[in-house]
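The values are calculated or read from the model by the stated rules, or taken from the named source; none is laboratory data. A quick note: this is a predicted structure, and the numbers were derived from the prediction, not measured. We place every Cβ from the backbone using ideal geometry, glycine too, and count neighbours over all the protein chains shown. Heads up: the accessible areas ignore ligands, DNA and RNA and are worked out on the full protein's heavy atoms, side chains in. Shrake-Rupley method; radii C 1.70, N 1.55, O 1.52, S 1.80 Å.
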Amino acid sequence: MTMKTAALAILTAPLMALPAAAQTSWDMATPYPDAEFHTKNIREFVADVEQATGGDLTITVHSGQSLFKHPEIKRSVQNQLVPIGEVLMANLYNEDPIFGADNIPFVATSYEDARALWEAQRPLVEEKLAADGIRLLYTVPWPGQGFYTNREIASAADLQGERFRTYNATTSRMAELLGTVPTTVEAVEIPQAFSTGIVDAMVTSAATGVRTKAWDFTDHFYDLNAWFPKNMVIVNEDAFSALPEDQQQALLDAAAAAEERGWRMSEEEMTSTVDALGKELTVHEPSEELMSGLREVGETMSAEWVEEVGAEGQEVLDAVE
């Protein structure tokens, strides 16, 4: 019996020594706080990944720029300082103008328009990211953008001279064309910027207005649906390729679900947050005179953008009927 036991031990030893399934832990850099619907959607995304992989792939979300500042996130993913992150797509305009298609005012003014624009834009965005060793996982739009001011405006000319909060190259260009003073302020810094007099007005979504309690520092919101900028979740291609195939597929499946869920959340957020703003400050439907001046700005920016991008750019804009 002793010899048989010893032989059995020898035969089973290699099986007992086999390592457990490989586990991977990722950090994820995001620019927005936990209260933002984008971050809530991301947390559902990472929960889906963990469940689908049985905990073999876990992702720790570092929200509110706590890991990297917003302008640093894309390059940090590219350089493998962090494997996965979230960025506002139009913030990459200076790298390539194709990233700014959804920030041109009055091109896409509804979710239907925004989807059509994205379907045309997506292959070009994926190509540009791939050249930097990055894979696009999913995108989700913000609700339509509007103006927040401390005084009523009847026309675009009424904005001249205002210190206007902007957040990327295209919003800065719009501010210039409106005769305002462009002032870059990240979303998490908005209340302080108003309270210290750095900015007098801003363009952003109703969702951001509610989260930052815009009624504490502004009195008027102009519901323009001027454009629907998108956030995108990106992953380093080498980090993605290093995952086992089943984990890769789980990540892609969770991303597809997050995109569909995120678009629904965005629409719901737009309705609820405009209603919430209406209880705290004055919500305006813009006058025709104001819209006429803003459309002129949009037409100028569209022409400039197409000149930068070329024929492909015109095809993207033509996708919006």
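Among all positions in segment 177-189, there is no residue which is within 23 Å of Ile104 (Cα to Cα), among the polar types (S, T, N, Q) and at pLDDT below 90. When Gln192 is tested against (1) at pLDDT 95 or above; (2) out of contact with any helix residue (DSSP H, G or I) (no Cβ under 7 Å at 6 or more places or on another chain), just one condition goes unmet, and that condition is (1).
Taking first residues from segment 159-179 that are in contact (Cβ under 8 Å) with a residue 40 or more places away in the chain and surrounded by 18 or more Cβ atoms within 10 Å (Cβ to Cβ) and partners that are in a loop (DSSP other than H, G, I, E, B) and aromatic (Phe, Trp, Tyr), the Cβ contacts under 8 Å between residues at least 6 apart in sequence or on separate chains come to Asn168/Tyr93; Ala169/Tyr93; Thr170/Tyr93. Beta carbons closer than 6 Å, at least 6 apart along the sequence or on distinct chains, pair a first residue in segment 85-109 that is of a type in the set (D, E, K, R) with a second that is open to solvent by 10 Å² or more (accessible area, probe 1.4 Å) for Asp96/Lys128.
How about segment 60-86: which of its residues are crowded, with 24+ Cβ neighbours inside 10 Å and part of a strand (DSSP E or B)? Correct list: Ile84, Gly85, Glu86. Here Gly144 meets the list (1) over 17 Å from Glu308 (Cα atoms); (2) of a type outside the set (S, T, N, Q); (3) touching a helix residue (DSSP H, G or I) at 6+ places or on another chain (Cβ under 6 Å); (4) open to solvent by less than 10 Å² (accessible area, probe 1.4 Å) almost entirely, failing just condition (3). Restricting attention to segment 94-150, the residues being of a type outside the set (A, V, I, L, M) and closer than 30 Å to Val199 by Cα number 24. So, Arg211, is that one open to solvent by 50 Å² or more (accessible area, probe 1.4 Å), without any contact (Cβ under 8 Å) to a residue 12 or more places away in the chain and more than 25 Å from Ala130 (Cβ to Cβ) or not? Here the answer is no, as Arg211 does not meet what is asked.
Taking each residue of segment 276-294 that is closer than 11 Å to Asp219 by Cα and looking for partners that are of a type in the set (Phe, Trp, Tyr) and open to solvent by 20 Å² or more (accessible area, probe 1.4 Å) with beta-carbon atoms closer than 7 Å, six or more apart or interchain, yields Glu280/Trp215; Leu281/Trp215. In segment 18-63, the qualifying residues are those that are in contact with a helix residue (DSSP H, G or I) (Cβ under 6 Å, 6 or more places away or on another chain) and small (Gly, Ala, Ser), and the one that is nearest to Leu137 (Cα to Cα) is Ala29. Comparison of Glu126, Glu112 shows that the only residue that is in contact with a Leu (Cβ under 6 Å, 6 or more places away or on another chain), modelled with pLDDT of 95 or more and not in a strand (DSSP E or B) is Glu126.
Each row is one residue, and each column tells you yes or no for (1) in contact with a Leu (Cβ under 9 Å, 6 or more places away or on another chain); (2) assigned to a helix (DSSP H, G or I); (3) β-branched (Val, Ile, Thr).
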{"position": "Val235", "(1), (2), (3)": "yes, no, yes"}
{"position": "Ala255", "(1), (2), (3)": "yes, yes, no"}
{"position": "Thr273", "(1), (2), (3)": "no, yes, yes"}
{"position": "Ser302", "(1), (2), (3)": "yes, yes, no"}
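Segment 166-226 holds strands (runs of 3 or more DSSP E) entirely within its bounds, and those carrying 2 or more residues that are closer than 19 Å to Gly64 by Cα map to 201-205.
Which of the residues belonging to segment 214-236 are of a type in the set (Asp, Glu) and buried (at least 17 other Cβ atoms within 10 Å of the Cβ)? The answer is Asp223, and nothing else.
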